[in-house]
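Only one structure is covered here, and it is reproduced in the block below.
The values are calculated or read from the model by the stated rules, or taken from the named source; none is laboratory data. This structure is a prediction, so every number in the text was calculated from the model and none was measured. Please note: Cβ atoms are built from the backbone with ideal geometry, for glycine as well, and neighbour counts cover all protein chains shown.
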Amino acid sequence: MNLNEEVELLKGVPIFSKVEQARLKLLAFTSERVNFGVGQEVCRQGDPGDTMYVILGGTADVLIDTPSGQISVAEMKRNSFFGEIAILCDVPRTATIKAKEPLATLKITKDMFYRLVAEFPEMAIEIMRELAHRLEDTNQKLRAATKAG
Amino acid sequence: MPQAGGAANPGAATRQISNVIKALIAYRVRRDGGDAGFMERSLFSYIWRHSRPEQIVILLLVVLAQVFYFMSLTVPKSVINNGIQGNAFKDSKTIPFLVWELDLSAIFPGRVIRFFDGFQVDQLQYLVVMSFVFLGAVIVNGLFKKTINTQKGRMGERMLRRLRYELYDRILRFPPAHFRKVKQAELATMVKDEVEPLGGFIGDAFVQPMFLGGQALTAIIFIMMQNWLLGIIVIVLLAVQMSIIPRLRKPVLVLGRQRQISARQLAGRIAETADGVHEIHIHGAANYERADISERLGRIFKIRFDLYQKKFVAKFWNNILSQATPFAIYLVGGYFAITGQMDVGAVVGVLLAYKDLPSPIKELIDWDQQRQDVQIKYEQVIDQFQPEGMMPPELQAIPDGPPPPLGKELALVGVVVTEDGRVKQLDTLSLTLPTSSRVAVIGGSGSGKEVLGQVLARQTLPASGTIRIDGKDFFQVPEYVIGARLAYVGQDTYLFPLTVRDNLLFGLKLRPVAPAAYDEATKVIREAFWKESERAGNPAFDPNADWVDYELAGATGPADLLPCMVRVLKQVELDEDIYSLGLRGTVDAAVRPDLAEKILKARHTLHEHLQDGTYAGLVEPFNDDHYNKNLSVAENLLFGTALGKQFDGDNLAADPYVMSVLQKTGLDVELQRMGLSIAETMVELFSGLSPDNPLFEQYSFISADELPNVRLLLQRLGGKGIEAVPEADRIRLMTLPFRYIEARHRLGLIDAAMEERILGARRAFAEGLPANLRDAVEFYDFERYNSAATLQDNILFGRLVYGQAQAGERIGNLIAQVFDELGLRDSVIGVGLEYNVGVGGKRLPASQRQKLGIARALIKRPQLVVVNEAVAMFDGRTQDRIRDNILADASERASGVFWIANRPNQAEPFDQIVVMQGGRVVARGSPSELAARGGLYTELMASA
């Protein structure tokens, strides 16, 4: 998979959906590609997170710790991504991600992301716009829920 | 005073004689400066004492040289008068030459004893012979000059060497506390620069005044013979001159002293700036520092300018006074001539004689000036080198055999240590301490426990009280006994800028154990070298000899030292770090063929393991027939390690041979095309980024400065292919892909066809490599050890694949496993030991420096090790583990540990605990006894 394909995948990430293609390409170029073997953990629930991953190929299990042990709650495939909130604010990982098949990811670190945002403020505006949309969306849902309740 | 002598009181007489002898010895010792105390105050006595025979030889040479000098002056006269003008040939055709006779007419009138009548020569022969005599005299005169100057130079340099050595020797004997007062840069300036002018003066110290004095005396005697009154006038005027000029020069000398001190302090300040440069930056104090330096330079300027002024004032008076004598001769002599008391010829004679006087006088005065100058310099220096409490040289004698044991019991009685005579850090402390016991000391801050540790290492000297070891004064035990048997580690460790190994073995180098092996020719040179050392009062120790005392480390020789080193590195948990350094180190197969062979074997074993499924895809091995996606294009082309600069890094792209290979294989155009593509991508990605963004540095193939030009080029090109690019730009484009790594940069530029072409160029490069470039590259060859590559690269023989999670860690573990299997781990550590730790050990992290410091103390298997809060900088668990290792090792050898605990609960596993407070021991006992007693011990333990 080369750079241009990676950029296409990045475009699928909502917070990046409005960002200019050239910027995403730079983000992809400066980010590292990391492959995980079957059974290797990408991240662990509860650990501090500061990177986001975009899955370029393979599948991964999403596992949640419960009192009765780890359970798989979902599966992620190509085009999926996780940790996008972690690069905006420090939150612990909410789940463990484990490679189910050989997994190829693009690893975007907080540092790299901030550096680009600092360089191109319009990126921040696009991201803000996207977040605002999401907030509005959530608010609407909340209102609908309270009405219904 | 009782009357000495007489049989009535023989006891008193003997006593008196012995007193006289004692006084004489004391005087002698003082004169020799051999005791701990003083150096010779007078530079002259110092020079005379150490170079007497040489000075006398030079003096004799100077006298002898005068004969030939005189000859070279008189011969021309004979050549002109007799040889050319023929004055001597007026009466006869020939004259005798080389007549050898003794003229006794002064005693017996007319009595001349003739030994040899000489040869008869005519005028032409005479001219030829005398011309050659002149030439001979000139040559002999020159040879004398050369010999004298050489002798002087050698003597001066020898004395300089002696003085420098003596000063350095004294630095080694300074009391430890003195180093808190002196600045190291000042010491260095003194030994290096300030004594330098002394060397030049020493050669002339005695010869010059004798020689010049002789000349001046001759001239004065001649004047006296002409007219005693004029002679007296000249003498009086000279006396005035010689008494006034030095007085005028006194302020010059004082200023000279100030100049020397201020220059020394400047050196100290500059060193401080270098030492504290981080603090200066952190606190933004650069301009405050500038102010200080500017102030100092201003002061130095003032001193130096004053010096100039004073110097020229002195010069002015000197000139006036030296002209006063002819003035007097004109006036007085003229008066005598006019009044007829003296004839004109005599006045002219006096004037002529006086002509020869000023230049030796002037030089004498100059010499005197120089003498005072160097005397002051000398005093200034030696004043700094005789602090009170210097260690006597005997304590630093070199042992002639293995050092004796330390003794069984240390007894401290009423020991007081004060800080500058005020605060008592140790207050009449008494303690007996068997050297084989394992004791911990606990106490709060200010309890004096760390001072106690310093005292036991003789780092701090008590103001009063005694410390005895088996009844002997602890401070009179020679340093080599302490060095070998008592180890000390404090909180700071200084490492010398040598290898880890040299630092680790530093404490084993008490004496040369085995002489260095020299071949016959070198041996002769070395022996002459040592002889010269002894002439200058330097010891003839050989740093090339083997100084490592293997026995002390528990080894029998160099062969089995490595396990001992590994053992102590393990005790301080430094073995892993040194192992990593070893992996990054290189081994020269020519020097260690055995090790290279084994590493090669390890490579084979590793690659067998890599075939396993578990490690699949983590390493891309170097393969002649495959393009390696994890190497750059340049690395793929070279396919080897560059030796030297020829093919190293960016030089590869500019190398004419590489260019020729690329052209031949047609790869140049391909690379240009690739370069164009990279340029397009870079312009797309990095345009708009501010030029100082670190991303440029890290990721861009084109620097921020160049990017606009490249963008312009691409705009002009307007999408046309590489053919449209001007020739000059093509070269630049061609170098861009050299750093391109497909697996990392992922621009998809290298397809199967491109791989094939690069492989073709790789082969062409290797096959056509001219003989003179053979040594510039070591090609990757699975069956050959690569001396230029690190151990890790050698065993790996490939590259870690980009983007494999934890690949580095997993392969690192695998390599460690392989080395363990083959029993090579220690050898790798051995390679790591060759790592240079840099100035002050700064190339190692602080914790590793400290661990190395502890290991250095442990490797000599000391009878007693004093650990003075030395583990404080490690994390708690590491502290405890290192303590347990040291304790286990000590109890195995039944040796002692004196552990000054930085945390009270470290003391738990010790047999004995000493509790300190306010500089005194307040309790002592086993942990259970102390716990039962409660008090401060329980308090301290609870606080931990």
Any chance B:Gly407 is assigned to a loop (DSSP other than H, G, I, E, B), crowded, with 19+ Cβ neighbours inside 10 Å and more than 32 Å from the chain's Cα centre (by Cα)
yes
**OP:** Determine whether the stretch B:286-307 contains at least one residue that is aliphatic (A, V, I, L, M), at negative phi and in contact with a Phe, Trp or Tyr (Cβ under 7 Å, 6 or more places away or on another chain).
**Re:** no
When restricted to B:Gly582, B:Gly617, the only residue within 14 Å of another protein chain (Cβ to nearest Cβ) and either of a type outside the set (Val, Ile, Thr) or not in a helix (DSSP H, G or I) (or both) is B:Gly617
Picking from A:Ile64, A:Ile55, the residue that is under 25 Å from B:Leu747 (Cα atoms), more than 13 Å from every other protein chain (Cβ to nearest Cβ) and not in a loop (DSSP other than H, G, I, E, B) would be A:Ile55
Residue set B:Ala776, B:Ala789, B:Ala816; condition farther than 21 Å from B:Phe647 by Cα and either within 40 Å of the chain's Cα centre (by Cα) or within 14 Å of chain A (Cβ to nearest Cβ) (or both); output residue B:Ala816
Being over 16 Å from B:Ile233 (Cβ atoms), in the same structural domain as B:Gln226 (by TED's automatic domain parsing) and touching a residue at least 40 places away in the same chain (Cβ under 8 Å) narrows B:Asn287, B:Asn318 down to just B:Asn318
Would the stretch B:135-145 turn up any residue that is surrounded by fewer than 17 Cβ atoms within 10 Å (Cβ to Cβ), at pLDDT 85 or above and farther than 30 Å from B:Glu532 by Cβ?
yes
A careful count of residues in the stretch B:780-792 that are under 12 Å from B:Gly585 (Cβ atoms), assigned to a loop (DSSP other than H, G, I, E, B) and either touching a helix residue (DSSP H, G or I) at 6+ places or on another chain (Cβ under 6 Å) or of a type in the set (Asp, Glu) (or both) gives 1
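For the condition in the same structural domain as B:Thr605 (by TED's automatic domain parsing), surrounded by fewer than 19 Cβ atoms within 10 Å (Cβ to Cβ), more than 45 Å from the chain's Cα centre (by Cα) and not in a loop (DSSP other than H, G, I, E, B), what is the one hit in B:Ala761, B:Ala753?
Residue meeting the stated conditions: B:Ala753.
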*asked:* Given the criteria assigned to a strand (DSSP E or B), farther than 26 Å from B:Leu800 by Cβ, of a type in the set (S, T, N, Q) and more than 10 Å from every other protein chain (Cβ to nearest Cβ), does A:Gln70 qualify?
replied: yes
Flagged pairs (Cβ under 9 angstrom, 6 or more apart or on separate chains; first in the stretch A:109-137, exposed (fewer than 13 other Cβ atoms within 10 Å of the Cβ); second among the small types (Gly, Ala, Ser)) are A:Ala118/A:Ala124
Condition set in contact with a helix residue (DSSP H, G or I) (Cβ under 8 Å, 6 or more places away or on another chain), small (Gly, Ala, Ser) and not in a helix (DSSP H, G or I), scope the stretch A:1-50, selection farthest from A:Leu131 (Cα to Cα): answer is A:Ser31
Only unsatisfied item for A:Glu84, checking (1) assigned to a strand (DSSP E or B); (2) surrounded by fewer than 19 Cβ atoms within 10 Å (Cβ to Cβ), is (1)
Residues of the stretch B:698-707 being closer than 16 Å to B:Gly675 by Cα and either acidic (Asp, Glu) or in contact (Cβ under 8 Å) with a residue 60 or more places away in the chain (or both), in sequence order, are B:Glu706
Residue count, the stretch B:678-703, condition outside any loop (DSSP other than H, G, I, E, B) and either within 11 Å of chain A (Cβ to nearest Cβ) or surrounded by 18 or more Cβ atoms within 10 Å (Cβ to Cβ) (or both), comes to 13
Here the residues within the stretch B:713-750 that are buried (at least 17 other Cβ atoms within 10 Å of the Cβ), more than 19 Å from B:Leu637 (Cβ to Cβ) and within 14 Å of another protein chain (Cβ to nearest Cβ) are B:Arg746
Here the residues within the stretch B:892-930 that are among the small types (Gly, Ala, Ser) and surrounded by 14 or more Cβ atoms within 10 Å (Cβ to Cβ) are B:Ser895, B:Gly896, B:Ala901, B:Ala907, B:Gly918, B:Gly919, B:Ala923, B:Gly925
So, first residue within 9 Å of A:Thr96 (Cα to Cα) and more than 11 Å from chain B (Cβ to nearest Cβ) in the stretch A:36-48, second residue among the β-branched types (Val, Ile, Thr) and surrounded by fewer than 17 Cβ atoms within 10 Å (Cβ to Cβ), Cβ within less than 9 Å, six or more apart or across chains; the pairs are A:Gln45/A:Ile64; A:Gln45/A:Thr94; A:Gly46/A:Thr94
Flagged in the stretch B:793-809 as assigned to a helix (DSSP H, G or I) and surrounded by fewer than 18 Cβ atoms within 10 Å (Cβ to Cβ), in numbering order, are B:Gly808, B:Glu809
With criteria (1) outside any helix (DSSP H, G or I); (2) touching a strand residue (DSSP E or B) at 6+ places or on another chain (Cβ under 8 Å); (3) not β-branched (Val, Ile, Thr), B:Pro909 comes up short on (2)
Among (1) touching a helix residue (DSSP H, G or I) at 6+ places or on another chain (Cβ under 7 Å); (2) assigned to a helix (DSSP H, G or I); (3) of a type outside the set (Lys, Arg); (4) surrounded by 15 or more Cβ atoms within 10 Å (Cβ to Cβ), B:Met210 falls short only on (4)
Scanning the stretch B:181-207 for residues that are outside any helix (DSSP H, G or I) and either outside the structural domain of B:Trp367 (by TED's automatic domain parsing) or under 21 Å from the mean Cα position of the chain (by Cα) (or both) gives B:Val182, B:Lys183, B:Val195
| query | Taking the stated definitions as given, is B:Val710 more than 14 Å from chain A (Cβ to nearest Cβ), buried (at least 17 other Cβ atoms within 10 Å of the Cβ) and either without any contact (Cβ under 8 Å) to a residue 40 or more places away in the chain or at positive phi (or both)? | reply | yes
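Out of contact with any Ser or Thr (no Cβ under 8 Å at 6 or more places or on another chain), more than 19 Å from B:Glu620 (Cα to Cα), without any contact (Cβ under 8 Å) to a residue 12 or more places away in the chain and not in a helix (DSSP H, G or I): is that true of B:Gly719 in this structure?
When the stated conditions are applied, B:Gly719 passes them.
Yes/no matrix, rows are residues, columns are (1) surrounded by 12 or more Cβ atoms within 10 Å (Cβ to Cβ); (2) touching a Pro at 6+ places or on another chain (Cβ under 7 Å); (3) modelled with pLDDT under 60; (4) farther than 30 Å from B:Ala205 by Cα:
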residue	(1), (2), (3), (4)
B:Gln16	yes, no, yes, yes
B:Lys22	no, no, yes, yes
B:Glu54	yes, no, no, no
B:Gln66	yes, no, no, no
B:Met71	yes, no, no, no
B:Pro76	yes, no, no, yes
B:Ala88	yes, no, no, yes
B:Phe97	yes, no, no, yes
B:Leu102	no, no, no, yes
